[in-house]
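Bear in mind these aren't lab numbers, they're just calculated from the coordinates by the rules spelled out. All of these numbers come straight from a predicted model, not from anything done at the bench. Don't worry about glycine lacking a Cβ; one is built from the backbone with ideal geometry, like all the others, and counts go over all protein chains shown.
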Amino acid sequence: MSAHLEIRNLSVAFRDHAEERLLLDDITLELGRGEFLGLVGESGSGKSLLCRTVIGLLPSRRLHVTQGSVRLDETEILGREDCIRGRRIGMIFQNPTSHLDPVMTIGKQICEGLALHKGLGPAAARTEATQLLRQVGFPDPERSFSAYAHEFSGGMRQRAMIAIALSCDPEILIADEPTTALDVTIQAQILRLLQDLRAARGLSIILITHDLGVVAQTCDRIAVMRQGRIVEHGEKRALLAAPVHPYTQQLIASHPSLSHAGTEPVRHKHDRSPVFEITDLDVTFPQGGGLLMKRRGFRALKAVSLKIWPGETLGVVGESGSGKSTLARTILGLNPASAGRILFEGHDLTATSAQLRRAGLDRLRTGAAMVFQDPFNALNPRLTVGETLAEVLRHRGETPPAEIENRAGELLDMVGLDRAFAPRLPRSLSGGQCQRAGIARALAVNPRVIIADECVAALDVTIQAQIVALFRELTEKTGLTLIFIAHDLAIVRNLCERVVVMHHGEIVEDGPSARVFARPEKPYTAALIAAIPDIDPDRPINGGIPFPSQQEFAT
Amino acid sequence: MTRPAHPPLRPRLSLGLRFARRPMLATGLCILGAFVLMAVFAPVVAPYDPILQNGDITLLPPSLAHPFGTDNFGRDLLSRVIWGARIDLQIAVIGVVFPFLIGTVAGTVAGFFGGWVDASLMRLIDVVLAFPFLVLMLSIITILGPGLGSFYIAMALVGWVSYARLIRAQILVLKTQDFAVAAQSLGFSRLRIMFRHLLPNALAGSLVFVMSDAVLVLLNGASISYLGLGVQPPLAEWGVMVFEGQGFLNQAWWITLFPGLAIVVLAFGFSLTGDALADLLGVKE
């Protein structure tokens, strides 16, 4: 059987008047007919660039194909991508929000492709589009046809984008990180949809992702990319069972679904008073309203009660919009609470007396620190790493001025950054290094509690594993209390001894991780756990559990 | 712990090479530098006294002895243009610095605090903007009495609004960024967050605007002097000189042309530098 899409010795270079850099280095890859190929690699490995080259959408004019060929059904398509883009190869992107036209209805956007590539008239296009919407899982395709992108949730938008890509009956579908921006349960649904589509339409699919778990469960073959090269490829079971290249081994080893260690039962005696004691916390954000209209509120947190004990590693999990970040910001005093009480080491942060509240906040500022999600955004771009640390140390006033430089160096040592990073600006660091600097800044406070809000979500898997290991080491060595907020349950299972599951602003389950992950009490928790992508290729998507029928609807 | 000596992080380019890569910046800075030198060394460079009148040589056309010619009082125009650089550069600098300082502080405070502080400052800006610029300037100067001092005060009172709006918009964006929230969560004071964390990240746009604003202020100063409310004769200032030459435009064009040219070239220097800075700092206008 000949390959459906064949890439031979493809190289792409970045050319500037000053330099030439090879971004794709001699790529050779085949996609069989009806095959589901997973392309795995970290950010910057060139996996997206490869697919963009195939459909002729190089992101910059300074990029040039220097050698190689791309053949579709044995016909060279390189340089003639216009004829195949959309018609024979469809593409879906990571962020459906920015790839859908916000002022055009979903239906119109599908019809556009139908009219262009298939020459359908308006009425026929509409019928066809409605059918497509049904096929990708819209519960009410007639109504969704005339809805706009903002009326849908992220998962539905991604479905709409798949419908657009399918509109011209492509033979090949390239999906560039289609589920990265989505919650796990939705991710599982989209992956299942891709599999169904392949079966129904005989599509060949290339799935680009950074998550080995995603490809392990969905694809037939896996290709691992690194620094513009394919380091290894092969049938998924063979590759996962016996990886040859050290990088693949490292990727597999750092996948969070594999290691189950580190979650010994709660070892704390609760005879000490809790660090945080949260009672019936309510947070309401004003929403809409205006001069004459009555303001409505959106309840982000509903009567949340929680006790956090000293030395504990607590994971807070939930899907986007479940209120976990709001909880973090509110207990750190960055968000006003609408009702309820927050005690930090016995000091009331929600006291009515401004003086008491002030005292509580002062204590909080010296005892708790936060690590943020986006490592680049969390550091002041104009201050070097050293200056950032020195500022905190100086502000705390515990370190004598002469010692500050040395102490900043020690903090860098603690987070595993070389001291040579001190004079560097955040923009010259990688994401992982930035995040380490962010953690060093939190440690500079010399806190008793660290609240980490999705602090590994933006990082590559291997870096994620390193940061998680760093947190584990810090909590074990220093007896730090860690509140670790994440949507990735696998990481929480690895790191935390107790887990709190949030859903729609409420705590639905709270218990030791070992117990919660083994025997979840609530169906929502069970659904979340089932949706974790597993690196075991024989485990079906979503643990084989059928999805609850269409949870999400157009608003 | 401020940037200790470590191996350089980027290959350092020599100053000459860096300028060679940015011809716009190099040209702009050269023009500005030439004017500054001219102003500083005016007594040395200028061939004649700029104020001394000489009835024997009135309205001479440009010649070797008087390259820019002489005016109706027999003063050497080249010397007057050179001495004029002193006053005009002063106008451009002082006329920009105070509005910039006031506007920056006002904009930072408004953007950071929001609420009623922001609302009242913004309304005040609306009031200032509601009047035509020149009319407002003229009325303030008339009240204070003509002279350069009044011009600077009027400039400061009117000119800050553009800086305030520019900076406020930047601060509004920056204050929701994680590093600002982080600073807050670390318990830094509001002053520190505003001026150490937010402002340096917001300044790039205004610095570029300063350059183009300097051009406008220079022209304003010239027009105010032209209207008789700024620099008073016999002091040499380019705007005043253009005004004085107006009556002789038919007989002696050079009286008007050369100071006018000086204004144009200096303005060109400022805007070149401004554009190059925008490029350098990554500000898109």
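List of remarks:
- Extending 7 Å from the Cα toward the beta-carbon at both residue A:320 and residue B:281 defines two label points whose distance is 3.4 nm.
- Between residue B:139 and residue B:30, the contour length at 0.36 nm per residue exceeds the Cα-Cα span by 35.5 nm.
- DSSP-assigned coil residues among GluC sites (Glu not before Pro) in region A:326-414, each with at most 15 further Cβ atoms within 10 Å: A:398
- The long axis of helix A:354-367 is offset from the longest Cα principal axis of chain A by roughly 70 degrees.
- Considering only A:75, A:376, B:252, the residue lying farthest towards the positive end of the dipole of the protein assembly as shown is A:376, judged by Cα position with unit charges set on Cβ.
- Tilt relative to chain A, helix A:184-201 - C-alpha long axis, 0 to 90 degrees, to 10: 10
- For region A:5-254, relative contact order (Cα pairs under 8 Å, six or more residues apart, normalised by length) works out to 27 percent.
- For region A:5-254, a simple Cβ point-charge model (Lys and Arg +1, Asp and Glu -1, everything else neutral) yields a dipole of about 240 debye relative to the Cα centre.
- Only the Cβ atoms of Lys and Arg (+1) and of Asp and Glu (-1) were treated as charged; on that basis the dipole of region B:95-285 about its Cα centre amounts to roughly 620 debye.
- Kyte-Doolittle mean at least -1.0, axial Cα span of 20 Å or more - DSSP H helices of chain B: B:23-40, B:77-113, B:115-130, B:148-174, B:199-226, B:254-281
- Distance in nm between pseudo-label sites at residue A:473 and residue A:74 (7 Å out along the Cβ direction from Cα): 5.7
- Considering only alpha-carbon pairs that sit under 8 angstrom and 6 or more positions apart, the relative contact order computed for chain A is 16 percent.
- Distance-filtered residues of region B:132-151 - backbone nitrogen under 19 Å, label point 7 angstrom along residue B:97 Cα→Cβ: B:148-151
- Highest to lowest packing among A:484-491, B:34-41, scored as the average C-beta count within 10 Å: A:484-491, B:34-41
- Between residue B:253 and residue B:40, the C-beta separation translates, for a Förster distance of 35 Å, into a calculated FRET efficiency of about 0.75.
- Region A:5-254 - convex hull of the alpha-carbon atoms, volume per residue in Å³: 131
- Normalised by 2.2 N^0.38 Å, where N is the number of residues, the C-alpha radius of gyration of the protein assembly as shown stands at 1.18.
- Cα gyration tensor category, rounded, prolate or oblate, for chain B with a/c compared to 1.5: oblate
- Gaussian network model of chain B, Cα within-10 Å springs - most flexible of B:262, B:106, B:119: B:119
- Exposure rule at most 13 other beta-carbon atoms within 10 Å, DSSP loop trypsin sites (Lys or Arg not before Pro): chain A longest free segment: A:296-555
- The alpha-carbon atoms of region A:129-255 define a convex hull whose volume equals 118 cubic angstrom per residue.
- Summing Lys and Arg as +1 and Asp and Glu as -1 over all other residues whose Cβ lies under 15 Å from the Cβ of residue A:483 gives a net charge of -1.
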